[in-house]
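Just below is one structure, and these are the notes that go with it.
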Amino acid sequence: MSLRKETVAMIREYARRYPSAQSAIIPALWAVQHEQGYVTAESLAEIATHLELPPSLIESTSSFYSMFLTRPEGRHDVVICVNAPCGLRGADEVLAYCERTLGIRAGQTTQDGAITLRSTPECLGACGGAPMMQVDHRFEENLTSERIDAVFERLRTEPAPHEVVKPKAVAPVKGEKARSGVEGARPRARRTQK
Amino acid sequence: MAVVTDQVTLTVDGQSVTVAKGTLILDAAKKLGIEIPIFCSHPKMEPVAVCRMCLVEVEKMPKLQPACAVYVMDGMVVRTRTEQVQRYQNGVLEFLLANHPLDCPICDKGGECPLQDQTYTYGPGASRYDFPKKHFDKAVPLSDKILLDRERCVLCWRCTRFSAEISGERELALIQRGKDTIIGTFNDQPARSEYQGNWTEICPVGALTSRQYRFISRPWDLDRTATICPGCSMGCNVHADARHNRLGRFQARENLAVDDGWLCDFGRYSFPSFQREGIERPRVRRDGRLEEVSYEEAMAAAAQSLRRAGPATAGWASPAATNEELFLFQRLLREVLATPHLDHGRGRGEAATALEPDDAALPIADLERCDHVLLLGGQAVIDAAPVLHLRLFKSERKGVRVHRVDDARAALEAVPAEAQAVGIVSSLGRKPEVDSLQGKLARKVKGSVRRLLVPDGPNGRGATDLGFGPGRGPGYASLDGKAGRARPDWEAAGVRALYLFEASPLHDFQASGEEREWIQRLETVVLQRPRPSPLDDLAHVILPGRAFVEKAGTVTNMEGRVQRIRPAIDAAVVRDDWKILQGVAQALGADWRYRDPDEVFADLSRAVPAYRADRIGERALWSERA
Amino acid sequence: MPLRDVALGPYYLLKAMATTFKHNVRPVVTIEYPERQKPVPPRARGRHILHRYADGLEKCVGCELCAIACPVGCIVVEAAENTPELRVSPGERYAKRYEINLLRCIYCGLCEEACPYDAITMGPRYDLADDHPDKFIAVKEDLLEPLPASLADTAVPSAAPSAQKIPRKW
Amino acid sequence: MPQTELLETALEEARAAGYIGRNVLGSGFDVDVLLHRGAGAYICGEETALLTSLEGYRGEPRLKPPFPAVKGLYGKPTVVNNVETLATLPHIVRNGPDWFAAMGTPTGKGTRVWCMSGHVNRPGNYELEMGTPIRELIYEHGGGIWKGRSLKAFQPGGASMMVLLPEHLDVGLDFDAIAKAGSMAGAGAMMVMDETTCIVDVARRLVKFFEHESCGKCTPCREGTYWMANLFDRIEFGEGKPGDPDLLLDMGYNIDGRSFCPLGDASTWFPRSVIKYFRDEFEQHIVEKACPFRGEREAVA
């Protein structure tokens, strides 16, 4: 059992808050992700014990939603939206610029472990400020190469958000908008790659 | 003024049909003989309409409607074979096959696969999908019984719904979403369900297949026999499928009153124990060595030894023997050898309690109609008859309160006084507790209290009904003071000869070391058994007989239902057990002239009138008839 | 006998001899069978052949479609699973037992039509004679194409000879 | 500041002020507001999927009937409202229904927020009276097409809606008028495309979005969006085959109206309308084996 006592208490509290313990799954997953930065199979099993539900159900739910990460990534999560409105305003070029600057491909993490870069076809909800990227659940809109450079500069030294913010009592966890559901975030490579 | 009825009339493809309210379009069409193709729909599960195969045109509805999820309404006009529907059926099959590997030649489902059949009936001749197909690992072991091929899966949700709605274990689940959706267990752990075999059976493609049946046969090569599962006293109906005289699999043969269409893994995967290897001949011990002889010689030898022992003979029969055999064996012992020492308990300690007619007073299907069911003994009872769990879970879903208790006092408290119908389900070993509990409950609650005890073996009930025990004769007739001794007391009663009759490797004679020593000292041990047994070393005469799946006859399940078993594989190399028993009796001077098991049954039902059902297979429930 | 016939006798004799000797210089039409065999048309339906891929693996996956397509029921196939230790065919499944009763076979070629992997074809051999009916039950080893010479010593041999314990259906 | 925190703070303030909670403002009426955060699934915008998600399951839509108003969350009657409705309510309560109804057109009353994105000079959110011409939104409020270019097409109602052309600029921003023009007002997200836009690429991105967001419950949507996304990729990157546009149309036929919920239907509307208006561009992609607009892409501004 690896979850912190406060997190377990939160999960228990969530289970009481809803008419069925099942409803507490997503808040519980948030609580775990907020503590650890990701949700492993072990944590899923632990949530299952606390909510008294079959673990398969927790995995079924958690894998459906794209914001739950299943393995440790870089300290900071940078997601670039490549849906149509962003695409119209140069998201592909932004992505290419980021890849060039960081020296990695989308879906990878920089060598120093500071930044994980992703791209997603899922609209992140800032079409008016396209092209945009989401940095640790906060938006960076109307991107230019200078702005991107400045953001990356900052991220290289900042600690990961879950290391900074302690979980509050029973409050929804911090975060602004979707962590993306890109291919890399899906759990375990079950599929045999061609 | 229109009369309000529960019936609605609708038109399907121009034909009018009247069905009950709350019927699905699918079932209404089925009543007319109109087939609507389905994958996800299953009559025992809630409609989900995910496969979209069954879409039909309904007048006044703009979109095509899923026939498996839309309930009929009066005056509804349904069309199932319009051009629009056909074009769409073509399309949805093209979608389903787009990422399907089409490896029918190596797929175990090939030949009995709904996807294959429906593609031929409704599908396109060729696919326009020319991209590389999605790839997954082939044949991932989901447990030691089941393999999962995710490439073949069409995500109909039947298996996951079974896991949630039928067995309630929620072990299989959908993982990921969209095009990446797969089915699986939590963290790819091996599945532990006791009902996994049903997943393979309801899977409409070859995604979930059984390991034991893997590549054994094509369905069209199987010789299919309708018989009864040898696993336990539940008496689930099965199809035993054999190829080249080797059993390949058991499949459920739905009997709503007994198994509700499901099997447990213990029963389903028990068939390999029945596989006969090679030819066997009777043997007789001469000068300490077993010598092969003819049946006549062996039966004569057995008769000679048994005659010497006479009333000092004890007879043990497996609770997996048929009613006919038990009846004959009982006559052989009581009438011919004049011995009262009969028993069928598998272990030495299990003989003490015998069933009573009322122990089958609660038919299995009536569990759903109780308002409280006490499962006294909890999981231990379920382990004795696993399919009971599915029935209890179904009852729970229908609103029956099922109390899983281990303690009679807690059981008494769990049921409120206003209960209308209370059922007690327990195993034979707890009979005294159940009896007293039933008495107390009957005084406490307003309604009826009935009990159902799970005996050991597929015919434990029949053995008791036919008087194959020391205390009572056939049909629970009194023995007028001539009662014999039970198995634990045989040594004390001075038994000198033992006639053991095994009928199934799953329900054989289990002797402790102490009992073995006693048997070793006996002057005569006649062993009639279907396959080599550890008792062979002790036997003086070995008469090879047939196993449960190799013979014809009837067995009685826990609720007293007499059902027919039929030989699924041909065991012509050994003799029928009833013939052996008759042969031994004739060698002992009896004038028996049965020509087939049916004649034995006719005699049996004269001795035990409750078995005189008009047709075998109908209920012969003891409490109602005796 | 008229005198004319007597006079013409030698003429007839010579004429007959001419016919005889003419055939001495004509091409020979008989074939010294069985030492020499007549070529058969490419689509002739002779005894079956089970084919292999270039790497020596068998094409047959044991799907039994030939057996069910066969109008006389002369084919028996039993399948088994490939293992990493014994890989016989490329997929998951191979034919453990493959037998054709050549006496019952009517050489119709429907097995060939039915085969989804082109594993079985009708070969050129038509001269099937032997001295005991049992010898006409061709087992898998009889039907299989020989391994390519380059692979003969390295390739995995075919599975164990067909077990004969199981009673035949024919 | 992340929106969840804002909302949580607002709720705490409301609770402290007695607007929500037990015995609201002494009226004897109890009502509480609970903030439940989702976890990233577009499908949860479908009302039944939202309820399923609230119950902790995978956010897959449910069969209707029973409708949520009859049997919704935890099997109880449930009303599902979107943020747009709730955001309008305070103003109607404050100013009265007549004030609200006085705005807009007879069939579309009041105002609506339009989110404009794409190739306009001033993208962003604009609240306009219903019935305002689209031309006014794009050219006055949005400041016209960027870089002085001309308009090629626009999508008036969000990711799924059918494309409209410059000839539709004078259509009013209300549900009926846009529907009459052959599209739908939908969620009110206006995406504007200039003359250099590759319309195939836009459709490709949108289809990929739907492929990503399909819950996988029903066959047409799960397999159809995946297939369509593959086809669009192929056409855009120069490997298209001559029959591909017709194949796309036929797949649209097999998905639209056949899928379990409107997400599958919606995934086909934009591609089909695009094929209707811009089939020549598809042909060009296929014949030239490349995207004719690739060279004109903008670098990072």
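From the list B:VAL600, B:VAL549, B:VAL526, pick out the single residue that is part of a helix (DSSP H, G or I), buried (at least 24 other Cβ atoms within 10 Å of the Cβ), at pLDDT 90 or above and over 23 Å from the mean Cα position of the chain (by Cα).
Among B:VAL600, B:VAL549, B:VAL526, only B:VAL600 is part of a helix (DSSP H, G or I), buried (at least 24 other Cβ atoms within 10 Å of the Cβ), at pLDDT 90 or above and over 23 Å from the mean Cα position of the chain (by Cα).
Under 7 Å by Cβ, and 6 or more places apart or on different chains, what pairs join a residue from the range C:109-133 that is crowded, with 17+ Cβ neighbours inside 10 Å with one that is of a type in the set (Ser, Thr, Tyr)?
Taking only residues 6 or more apart or on different chains, the pairs are C:GLU112/C:THR121; C:MET122/C:TYR107.
Taking the conditions exactly as written (more than 14 Å from chain C (Cβ to nearest Cβ), under 29 Å from D:ASN254 (Cβ atoms), out of contact with any strand residue (DSSP E or B) (no Cβ under 7 Å at 6 or more places or on another chain) and not small (Gly, Ala, Ser)), does B:ARG152 satisfy them or not?
Working: more than 14 Å from chain C (Cβ to nearest Cβ): no; under 29 Å from D:ASN254 (Cβ atoms): yes; out of contact with any strand residue (DSSP E or B) (no Cβ under 7 Å at 6 or more places or on another chain): yes; not small (Gly, Ala, Ser): yes.
In short, no.
Residues that are on the phi > 0 side of the Ramachandran plot, surrounded by 24 or more Cβ atoms within 10 Å (Cβ to Cβ), within 11 Å of chain D (Cβ to nearest Cβ) and in a loop (DSSP other than H, G, I, E, B): does the range B:49-59 have at least one? Give the derivation first.
Keep residues of the range B:49-59 that are on the phi > 0 side of the Ramachandran plot, which gives B:49, B:52.
The next check asks that each one be surrounded by 24 or more Cβ atoms within 10 Å (Cβ to Cβ); those that pass are B:52.
Of the ones still in play, those that are also within 11 Å of chain D (Cβ to nearest Cβ) are B:52.
Filter once more, keeping what is in a loop (DSSP other than H, G, I, E, B): B:52.
Yes - at least one qualifying residue is present in the range B:49-59.
Could you list all residues from the range D:192-232 that are touching a Lys or Arg at 6+ places or on another chain (Cβ under 7 Å), at the interface with another protein chain (Cβ under 7 Å from one of its Cβ atoms) and not aliphatic (A, V, I, L, M)?
Selection gives D:THR197, D:GLU211, D:SER214, D:CYS215, D:GLY216, D:CYS218, D:THR219, D:PRO220, D:ARG222, D:TYR226.
Residue check: is B:LEU498 within 23 Å of B:ILE364 (Cα to Cα) and either touching a Gly at 6+ places or on another chain (Cβ under 6 Å) or modelled with pLDDT of 90 or more (or both)? Spell out the reasoning first.
Values: within 23 Å of B:ILE364 (Cα to Cα): no; either touching a Gly at 6+ places or on another chain (Cβ under 6 Å) or modelled with pLDDT of 90 or more (or both): yes.
For B:LEU498, the condition - within 23 Å of B:ILE364 (Cα to Cα) and either touching a Gly at 6+ places or on another chain (Cβ under 6 Å) or modelled with pLDDT of 90 or more (or both) - is not met.
Determine if the range B:33-48 includes at least one residue that is more than 27 Å from B:SER163 (Cβ to Cβ) and buried (at least 20 other Cβ atoms within 10 Å of the Cβ).
Initially, the range B:33-48 is screened for residues more than 27 Å from B:SER163 (Cβ to Cβ), giving B:33-35.
So of that shortlist, the ones also buried (at least 20 other Cβ atoms within 10 Å of the Cβ) come out as none.
Checking the range B:33-48: not a single residue is more than 27 Å from B:SER163 (Cβ to Cβ) and buried (at least 20 other Cβ atoms within 10 Å of the Cβ).
Kindly indicate whether any position in the range C:45-56 is under 30 Å from C:HIS132 (Cα atoms), within 14 Å of chain B (Cβ to nearest Cβ), crowded, with 18+ Cβ neighbours inside 10 Å and at pLDDT below 95.
No: the range C:45-56 contains no residue that is under 30 Å from C:HIS132 (Cα atoms), within 14 Å of chain B (Cβ to nearest Cβ), crowded, with 18+ Cβ neighbours inside 10 Å and at pLDDT below 95.
Can you tell me how many residues in the range B:529-546 are part of a strand (DSSP E or B) and more than 21 Å from B:TRP490 (Cβ to Cβ)?
Going through the range B:529-546, the residues part of a strand (DSSP E or B) turn out to be B:529, B:541-544.
The next check asks that each one be more than 21 Å from B:TRP490 (Cβ to Cβ); those that pass are B:544.
Number satisfying all stated conditions: 1.
Counting just the residues of the range D:239-260 that are away from every other protein chain (no Cβ under 11 Å) and open to solvent by 10 Å² or more (accessible area, probe 1.4 Å), which one comes out nearest to B:GLU57 (Cα to Cα)?
Filtering first and then ranking leaves D:LEU249.
For the range B:588-597, give me each residue that is more than 24 Å from B:ARG566 (Cα to Cα) and either open to solvent by less than 40 Å² (accessible area, probe 1.4 Å) or of a type in the set (Val, Ile, Thr) (or both). Outline the logic, then answer.
First, pick out the residues of the range B:588-597 that are more than 24 Å from B:ARG566 (Cα to Cα): B:588-591.
Hits for the range B:588-597 are B:LEU588, B:ALA590.
Looking at (1) in contact with a helix residue (DSSP H, G or I) (Cβ under 7 Å, 6 or more places away or on another chain); (2) away from chain B (no Cβ under 14 Å); (3) open to solvent by 10 Å² or more (accessible area, probe 1.4 Å), find the lone condition where D:SER150 falls short.
It fails just one condition, (1).
If only one of D:GLY38, D:GLY56, D:GLY26 is more than 14 Å from chain A (Cβ to nearest Cβ) and out of contact with any Asp or Glu (no Cβ under 8 Å at 6 or more places or on another chain), which one is it? Working first, answer last.
Values: D:GLY38 fails: more than 14 Å from chain A (Cβ to nearest Cβ); D:GLY56 fails: more than 14 Å from chain A (Cβ to nearest Cβ).
After ruling out the rest, the residue left standing is D:GLY26.
Does any residue of the range D:6-15 turn out to be polar (S, T, N, Q) and within 14 Å of chain A (Cβ to nearest Cβ)? Spell out how you get there, then give the answer.
Residues of the range D:6-15 polar (S, T, N, Q): D:9.
With the extra rule that they be within 14 Å of chain A (Cβ to nearest Cβ), the set shrinks to D:9.
Yes, there is a match, as at least one residue in the range D:6-15 is polar (S, T, N, Q) and within 14 Å of chain A (Cβ to nearest Cβ).
Give the number of residues within the range C:91-113 that are outside any strand (DSSP E or B) and more than 10 Å from every other protein chain (Cβ to nearest Cβ). I'd like the intermediate steps shown before the answer.
We begin by selecting, within the range C:91-113, every residue outside any strand (DSSP E or B); these are C:91-92, C:102-113.
In the following step, the residues that additionally are more than 10 Å from every other protein chain (Cβ to nearest Cβ) were identified as C:102-113.
Result for the range C:91-113: 12.
Kindly establish whether B:GLY471 is touching a residue at least 60 places away in the same chain (Cβ under 8 Å) and more than 22 Å from B:GLY288 (Cα to Cα). Outline the logic, then answer.
On the way: touching a residue at least 60 places away in the same chain (Cβ under 8 Å): yes; more than 22 Å from B:GLY288 (Cα to Cα): yes.
Taking the combined requirement at face value, the residue satisfies it.
Among the residues of the range B:60-99, how many are facing chain D (nearest Cβ under 9 Å), without any contact (Cβ under 8 Å) to a residue 40 or more places away in the chain and outside any helix (DSSP H, G or I)?
So the count comes out to 4.
Could you go through the range B:290-307 and let me know if any residue there is open to solvent by 10 Å² or more (accessible area, probe 1.4 Å) and in a loop (DSSP other than H, G, I, E, B).
Yes - at least one qualifying residue is present in the range B:290-307.
Would a scan of the range C:55-73 turn up a residue that is outside any strand (DSSP E or B), at positive phi, free of Cβ contacts under 8 Å to residues at least 24 places away in the same chain and touching a Lys or Arg at 6+ places or on another chain (Cβ under 7 Å)?
Of the range C:55-73, the ones outside any strand (DSSP E or B) are C:55-57, C:59-73.
When the remaining residues are screened for being at positive phi, the result is C:56, C:62, C:64, C:73.
Then drop every residue that is not free of Cβ contacts under 8 Å to residues at least 24 places away in the same chain, which leaves C:64.
Of the ones still in play, those that are also touching a Lys or Arg at 6+ places or on another chain (Cβ under 7 Å) are C:64.
Among the residues of the range C:55-73, at least one is outside any strand (DSSP E or B), at positive phi, free of Cβ contacts under 8 Å to residues at least 24 places away in the same chain and touching a Lys or Arg at 6+ places or on another chain (Cβ under 7 Å), which makes the answer yes.
Residue-wise test of (1) touching a Leu at 6+ places or on another chain (Cβ under 8 Å); (2) small (Gly, Ala, Ser); (3) at pLDDT 85 or above.
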| residue | (1), (2), (3) |
| --- | --- |
| A:GLY87 | no, yes, yes |
| A:THR110 | yes, no, yes |
| A:GLU140 | no, no, yes |
| A:GLY184 | no, yes, no |
| A:ARG191 | no, no, no |
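With the requirement that a residue be out of contact with any strand residue (DSSP E or B) (no Cβ under 9 Å at 6 or more places or on another chain), over 22 Å from B:ARG516 (Cα atoms) and touching a residue at least 40 places away in the same chain (Cβ under 8 Å), what does the range B:474-497 give you?
B:PRO474, B:GLY475, B:TYR476, B:LYS482, listed by residue number.
Can you pull out the residues in the range B:172-225 that are in a strand (DSSP E or B), more than 14 Å from chain D (Cβ to nearest Cβ) and in contact with a helix residue (DSSP H, G or I) (Cβ under 7 Å, 6 or more places away or on another chain)?
So in the range B:172-225, the residues in a strand (DSSP E or B) come out as B:173-175, B:182-184, B:208-210, B:223-225.
Within this subset, residues satisfying the condition of being more than 14 Å from chain D (Cβ to nearest Cβ) are B:208-210, B:223-225.
Residues satisfying the conditions are B:LEU208, B:THR209, B:SER210.
Could you run through the range B:292-335 and say how many residues are farther than 24 Å from B:HIS507 by Cβ and small (Gly, Ala, Ser)?
Summing the residues that are farther than 24 Å from B:HIS507 by Cβ and small (Gly, Ala, Ser) in the range B:292-335 gives 8.
State whether one or more residues within the range B:215-226 are in contact (Cβ under 8 Å) with a residue 60 or more places away in the chain, in contact with a Gly (Cβ under 9 Å, 6 or more places away or on another chain) and either open to solvent by less than 10 Å² (accessible area, probe 1.4 Å) or assigned by TED's automatic domain parsing to the domain that holds B:ARG566 (or both).
yes
Quick grid of which residues meet (1) under 21 Å from B:GLY475 (Cβ atoms); (2) in the same structural domain as B:PRO597 (by TED's automatic domain parsing):
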| site | (1), (2) |
| --- | --- |
| B:ALA314 | no, yes |
| B:GLU324 | yes, yes |
| B:LEU332 | yes, yes |
| B:GLU335 | yes, yes |
| B:ASP371 | no, no |
| B:LEU374 | no, no |
| B:ILE382 | no, no |
| B:LEU392 | no, no |
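What helices (runs of 4 or more DSSP H), lying completely within the range B:390-487, carry at least 1 residues that are exposed (fewer than 15 other Cβ atoms within 10 Å of the Cβ) and of a type in the set (S, T, N, Q)? I'd like the intermediate steps shown before the answer.
Values: elements: B:408-414, B:431-444, B:460-465.
Helices (runs of 4 or more DSSP H) meeting the threshold: B:431-444.
The values are calculated or read from the model by the stated rules, or taken from the named source; none is laboratory data. Since the structure is predicted, the reported quantities are computational estimates derived from the model, not experimental observations. Virtual Cβ from ideal backbone geometry, glycine too; neighbours counted across all protein chains shown. Accessible surface areas use protein heavy atoms only, side chains included; no ligands, DNA or RNA. Shrake-Rupley method; radii C 1.70, N 1.55, O 1.52, S 1.80 Å.
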